[in-house]
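For reference, the structure discussed in these notes is given below.
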Amino acid sequence: MPGGMVRQRRAVLASDDLKETHDIPATATPASKPRGSEMDYQAPSSRRRRCTKPLLLGACVLLLLLIVGICLGIEFSGAVPSNKDFKTVTISKCKEFLKNTSSENKCEEVWDAFSKAYVGKDPCEVPMEAYDPLMQTVREKDACNRMLLWSKTKLFVRQLREAQKCLPKLLALEDTLLGFVMDGQTWCSKKGSKETFTKGCPKSDKCERNPVRSFWNRASEAFSQAACGEVTAMLNGSISTPFNNNSIFASIEVKQLSPPQVKALSVILVTTGNDKETCENDSLRTLQNAALDRELEYTCKELDGSKILDCISDPDRPCGDCW
């Protein structure tokens with residue numbers, strides 16, 4: 001495969017983190033136009049010009065100070081309010097997901113339970129448990145023998161799911177109502193505020209208990225708790241530690257998989273190019289031991305990610321050549 005293709009596949013496997021931009025607009029109210037002299041007599045034209053110049057200069061200075069003040073105020077406030085837009089997008093995506101389904105979920109109720117988890121709270125003090133009422137409000141469909149967990153393979157998993165070729169109809173978190181609606185979104189609030197903000201929200205490296213991270217931790221926990229039968233996990237074989245103890249998969253999801261509800265864990269190790277780990281990787285040995293300690297059957301299979309993606313893009317190639 002050409003070097004460019006290999007680099008492209010590596011990028012597909014490695015880029016799980018959503019990138020955020022925080023472009024903060026600065027707005028200002030224009031200063032009023034100077035009104036000129038209000039003396040009782042008519043000043044000579046030359047004197048009027050001398051008086052007008054300082055007034056214009058003063059107005060410009062005031063306008064500049066006003067703009068700087070607003071910019072600083074926005075910067076220090078840390079976020080831009082967009083409650084109406086965010087609510088509209090969220091409910092719209094909810095209705096899109098539920099369209100042509102027999103689900104009992106109601107999007108307004110989902111929004112109410114969701115927003116109560118973080119609105120009015122310090123954006124660095126929103127724990128996982130704040131989303132408990134939301135998890136109780138939403139009813140998801142059964143995922144027995146169809147659950148797909150992943151770690152550092154998000155874009156690869158998305159391509160496979162979209163292709164729907166040679167891959168069983170597995171269900172990832174992003175295929176659920178909450179996963180679909182919140183995927184790619186950023187949100188937070190402030191203590192005592194009724195607003196939702198979508199820009200300027202704190203990232204996980206600054207505070208772990210931010211609304212977005214806590215949501216995905218709680219949603220992942222609830223999702224894996226609903227697992228039954230055989231669970232599939234797709235891990236990245238192009239990094240040195242496919243099973244990372246700090247990942248959501250290791251720290252939350254695996255710990256929810258227990259018999260008799262769950263019987264087996266099937267690992268698919270996706271490799272790319274020359275950067276290949278095997279199922280004998282030390283971290284995967286740790287995963288195997290964790291599964292066996294929980295009395296789960298464990299299997300691991302290595303697959304060439306580049307070969308799979310090339311294959312699923314060719315409608316004439318049989319599944320046996322891909323999977």
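Every number here is computed from the coordinates shown, using simple stated rules; none is lab data. Keep in mind that what you see is a predicted model, and the values were worked out from it rather than measured. Reconstructed Cβ throughout: ideal geometry from the backbone, glycine too, with neighbour counts over all protein chains shown.
Here are the numbers for the structure shown:
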| item | result |
| --- | --- |
| Extension gain from residue 142 to residue 280, taking 0.36 nm per residue of separation minus the Cα-Cα distance | 46.4 nm |
| Point-charge dipole on Cβ atoms (K/R +1, D/E -1) for the range 263-308, about Cα centre, debye to 20 | 160 |
| Distant-in-sequence amide H partners of residue 297 (H built 1.01 Å from N, under 5 Å) | 264, 265 |
| Given charges at Cβ of Lys, Arg, Asp, Glu: the range 281-322 dipole, positive-most of 308, 290, 318 | 290 |
| Counting DSSP beta bridges with both ends in the range 147-279, the antiparallel % (nearest 5) | 15 |
| Karplus (6.51, -1.76, 1.60) ³J(HN,Hα), θ = phi - 60°, over the range 139-155, in Hz, Gly and Pro reported as x | 10, 9, 6, 5, 10, 5, 6, 10, 6, 10, 9, 8, 8, 6, 9, 4, 5 |
| Sparsely packed GluC sites (Glu not before Pro) within the range 94-149, loop by DSSP, other Cβ within 10 Å at most 15 | 104, 125 |
| Net +/- balance of residues flanking residue 177 in space, Cβ distance below 14 Å, scoring K and R +1, D and E -1 | -3 |
| Nearby aspartates and glutamates by direct alpha-carbon distance to residue 87 (threshold 17 angstrom, same-chain neighbours under 8 apart not counted) | 96, 108, 109, 112, 183, 195 |
| Shape category assigned to the range 219-323 from the gyration tensor of Cα positions, a/c cut at 1.5 | prolate |
| The range 226-283: antiparallel DSSP beta bridges as a percent of all, rounded to 5 | 10 |
| Charge tally in the Cβ shell below 15 Å around residue 227, where Lys, Arg are +1 and Asp, Glu are -1, residue 227 excluded | -3 |
| Loop GluC sites (Glu not before Pro), the range 257-323 (other Cβ atoms within 10 Å of the site Cβ: 11 or fewer; DSSP) | 280, 295 |
| Trypsin sites (Lys or Arg not before Pro) restricted to the range 149-223 and DSSP loop, no more than 10 other C-beta within 10 Å | 169, 191, 206 |
| Dipole in debye (nearest 20) - the range 161-291, about Cα centre, beta carbon charges: Lys, Arg +1; Asp, Glu -1 | 580 |
| Cα-Cα over 21 Å, subset of 152/276; 121/199; 203/255; 255/276; 154/301; 93/141 | 203/255; 255/276 |
| Proximal charge balance of residue 279 [Cβ under 13 Å; K/R count +1, D/E count -1] | -1 |
